[in-house]
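Read the figures in this text as sums done on the coordinates, not as results from a lab. Bear in mind that the values here come from a model prediction, so they are computed numbers and not experimental data. Neighbour counts are summed over all protein chains in view; Cβ atoms, including those assigned to glycine, are modelled from backbone coordinates with ideal geometry.
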Amino acid sequence: SFKSTAKMRVLKPEVDEINKRFPKKEDAMKKQQAVMALYKKAGASPMGGCLPMLLQLPILIALFRFFPASIELRQESLLWADDLSSYDSVLNLPFNIPFYGDHVSLWVLLMTIINFIYMHMNNKNNPQSTGMPGMKTMMYIMPLFMLFFFNSYASSLSYYYFVSLLITILQTWAFQKMVDDK
């Protein structure tokens with residue numbers, strides 16, 4: 001995924017040149033064909049970063065079902081979470097926030113913060129996000145949605161996402177040091 005993104009980053013100046021050659025909306029098909037020809041010539045694929053995500057999807061769906069239903073996780077504690085099959089409430093609110101609940105889950109907050117950091121790293125490294133401001137905004141809204149969605153879910157799932165995002169950030173950082181864009 002990182003290698004695919006690195007190829008796209010290297011090709012960005014040439015894609016910008018193609019965009020200048022075909023500025024009219026009527027030439028959108030020609031522009032798209034020229035960009036795809038460039039990608040094919042360079043061995044890059046705009047969908048190359050999506051394939052690893054698609055391979056992970058069945059596992060993630062299974063984890064959503066496994067963590068709350070797992071008997072082994074019931075009444076098991078980890079740091080401040082008393083029950084890994086339920087949410088970890090570190091602060092009970094005197095009111096209910098719609099779609100959020102009446103408590104604050106620390107694993108979810110930590111996961112959301114790490115997710116924002118990861119999205120920021122991705123936006124810096126992704127050349128396609130500069131041309132689509134709506135996509136850039138959506139990338140930052142997704143962690144916020146996850147905050148609301150995960151708050152009342154199993155704390156083990158939030159912990160899993162937290163740890164996996166930390167590992168992904170470390171991998172991305174290591175790949176940035178190892179892969180030479182030139």
(message) Give the lysines reachable from Lys177 as a straight Cα distance under 16 Å; neighbours fewer than 8 places away on the same chain don't count.
(response) Lys3, Lys7, Lys124
(request) Based on the mean of other Cβ atoms within 10 Å per residue, sort peptides 150-159, 10-19 so the most packed one is first. (result) 150-159, 10-19
(request) Enumerate the amide H contacts of Asp102 below 5 Å, restricted to partners 5 or more residues apart or on another chain; note that Pro and chain-start residues carry no placed amide H. (result) Ile97
